[in-house]
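The values are calculated or read from the model by the stated rules, or taken from the named source; none is laboratory data. Keep in mind the model is a prediction, meaning the values are calculated, not measured. When we count neighbours, we look across all protein chains shown, and the Cβ atoms used for this are built from the backbone with ideal geometry, even at glycine. Keep in mind that these areas ignore ligands, DNA and RNA; they rest on the heavy atoms of the full protein, side chains included. Shrake-Rupley method; radii C 1.70, N 1.55, O 1.52, S 1.80 Å.
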Amino acid sequence: MNEQEIARAVAAAAGVDEVQPKIRPGTQIKANALWEGSCSPNQPRKKVGLFLVKDGATALAVEGAQRRLTLALPFPEAAVVISGPTTKKRQAKLVGYSDSERLRRLAEALGVEQIVVERPSFTRPPDQEPVPLQNLTHSESDLARLASNLHETPNVVLQGPPGTGKSSVALALTHSLAAAADLRAEDCQFGRLVAARGGDPHALLEDAEILRLPLVWEFVQLHPGYAYDDLVRRVVPATEAGGNLRLQVHDGLLPHLCRLAERRGPGKPVMLVLDEINRCNLASVLGEFLLGIDPGHRGIPVRLQVQSTGLDSEIAVPPNLWIVGTMNTADRSIAMVDYAVRRRFRFLDVQATRESVHSWYASDSERGEIAAALFDSCNAGLPPRLRTGPSLFLVTTDTAEDWPERLARRVAYEVLPVLCEYAKEGLRDRGPVIFGPAALPIDEQKVAASRLAATLRGMLATAQAIGLSGHEAR
């Protein structure tokens, strides 16, 4: 099958009209096609992404897709198909959520097994009620701190190691503000509001409903390929009726949000979440808006470098446009955030603490104490900026018997590989993680998973026995 045949087969199996394949090296595939709708207000979020690996690094591509789908974003039917540019359909790889009907149909049609990702707590299956705010992976103190800082300065970056809930804190704020008006966060999302009005962002400015919403927000996933024309303004070719080619200029998300914030007025926030700001050259992406977002320059128009008839030549960034960035302190690309960008943001630390593990397992103290102890063991000796976040130790299961195996697999296949990379870079010794009687080798995942599952089962049985005997004694 060639590229077009693969795309047609995937579209038919997924039940969508068209699938646009993305050809990338395996190291650059992170399921970003599923996020494109959040960057383009004229386009809804995609339900299936097709990636064609041009360098044969399929394993890396699968790992990237798995990591992306564990982010707390609402994609109940999201599925990722990974293949080579020319291949047999049975050689494709499928990544998605275990309860995704679309993933099941794709697997049957293509004749391949599913690579299942545990659904983040923020997402929900179709036709179910929104997940309560308290089930989101975040600290309530971090949420209150973010809200109070945004009322003081419009630009805030949440920084910390992976898995600490930085994105969840930002998204939890949208839920909190929306819930105050008895709305869901999705009801206030810019892309969905525009799509409901025929895909025209300008129609949103004429709608009085926009003034009654407690906030309007949008989420942008940044990556190394993200550029100025993705966020600010782009030039695209278009074919006229006579077949002549001409260039058109279109505003990106940021100018639309600026106009919307100005239309809503003071005290009515518009929030833009820029996830993983150190994964791109943010100064280049913002362009002249690097000056416009400066808290001391808010409300003063900046002249855009790309001009066109019918588009504003100057745009001001209103004070009520909140920009919330997230940044991974364990990422070596952190140095790409230069001083010009840094001085325009207030940086808040989101730390990896065992308290988040305890609070998440509040209804099951035995599992909470065991998971917190495992969290401590995995992070022993690591500086705060490198610690593995608590979200990787939060596992839900239908039955208590499944919990040890699922937590063991998560730690063995998601936590230990990171520790192994730290060891290669000299940031950690190469010794095993010591957890109770078990020594978990950081470079032997299957061995570690087996040992950890057995240890967790034993600890859980002992804790439950002690709890039961204590209850009987009372």
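Here are some notes:
- Sole residue being surrounded by fewer than 17 Cβ atoms within 10 Å (Cβ to Cβ), at pLDDT 75 or above and assigned to a helix (DSSP H, G or I), chosen from 18, 108: 108
- Only one of the numbered conditions (1) open to solvent by 40 Å² or more (accessible area, probe 1.4 Å); (2) under 29 Å from the mean Cα position of the chain (by Cα); (3) within 22 Å of residue 202 (Cβ to Cβ) is violated by residue 291, and that is (3).
- Tally, over the range 239-267, of residues that are closer than 22 Å to residue 191 by Cβ and open to solvent by 70 Å² or more (accessible area, probe 1.4 Å): 3
- Among residues of the range 233-246 that are under 30 Å from residue 302 (Cβ atoms), those with a beta-carbon under 9 Å from a residue that is open to solvent by 80 Å² or more (accessible area, probe 1.4 Å) and of a type in the set (Lys, Arg) at least six positions away or on a different chain give the pairs 237/246; 238/246.
- Helices (runs of 4 or more DSSP H) lying entirely in the range 120-238 (those with 3 or more residues that are surrounded by 14 or more Cβ atoms within 10 Å (Cβ to Cβ) and either at pLDDT below 90 or touching a Leu at 6+ places or on another chain (Cβ under 9 Å) (or both)): 140-152, 166-179, 190-195, 201-205, 228-231
- From the list 386, 392, 374, the lone residue that is modelled with pLDDT of 90 or more and under 27 Å from residue 63 (Cα atoms) is 374.
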